[in-house]
Amino acid sequence: MVDKVFQQLYDLIKGDFKNSFLGGNVVLQDSTSKKVKLNKKGPILCLQPDKKIKDWKNNFPFFETSVSTSCSVSDHLIIYPKTDTLYVFIIELKSKNVNGAISQIRASFELSKYICGTAVRLLNYPSINIEYRGLIFSHKPPRKGTSKPVQTYTEDTISNLLYRHLQSGNDYDLDILSAKKI
């Protein structure tokens, strides 16, 4: 069933917003961040909700753009089917300043729940396990004085989303990142 929902998501999303990768790895980078290489085994769907439209605020035509952060989203949503679970990685790329990253992750968490919920609805609500993970990548180490990544996710007290802060410029494995504890 995970494969059917993944295919429904692929069919549902406009081509302007998606990149699909069959195997190997994915390299993510924006104008100010270092590269992040994500290794994977199998297909993924990579969505870029704020990069494909000149005026990204028009992605949310119901919202007043004057309301602070109402149209804020993260850099990438990566949808990764793995055995019996569909993983959605909400990715924010930062240089050194990570202020505001968790707010963007929270906004994209809500967006990704809507996108996945729509695909599930179109398939008449099959039973499927969907897990969401927030990943913030930045130049500076995630913990003061070390570049060693934190071994567990932190649960956001507002959204209950599991998220991690990792150092950009490194390679990461999506199968390992999908685990709650590494």
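The values are calculated or read from the model by the stated rules, or taken from the named source; none is laboratory data. As the structure is a prediction and not an experimental result, all values here were calculated from the model. Positions of Cβ are backbone-derived with ideal geometry, glycine not excepted, and every protein chain shown enters the neighbour counts.
Miscellaneous remarks
- Given (1) outside any helix (DSSP H, G or I); (2) loosely packed, with under 15 Cβ neighbours inside 10 Å, index of the condition residue 110 fails: (1)
- Among the residues making up the stretch 83-107, those that are surrounded by fewer than 16 Cβ atoms within 10 Å (Cβ to Cβ) and either touching a His at 6+ places or on another chain (Cβ under 8 Å) or within 25 Å of residue 2 (Cβ to Cβ) (or both) are 83, 84, 85, 95, 96.
- Single residue of the stretch 123-139 satisfying the filter (among the aromatic types (Phe, Trp, Tyr) and closer than 28 Å to residue 37 by Cβ) that is modelled with the lowest pLDDT: 137
- Residues of the stretch 110-128 that are farther than 10 Å from residue 8 by Cα and not basic (Lys, Arg): 110, 111, 112, 114, 115, 117, 124, 125, 126, 127, 128.
- For the stretch 140-182, filtered to residues that are in contact with a helix residue (DSSP H, G or I) (Cβ under 8 Å, 6 or more places away or on another chain) and part of a loop (DSSP other than H, G, I, E, B), the residue that is modelled with the lowest pLDDT is 182.
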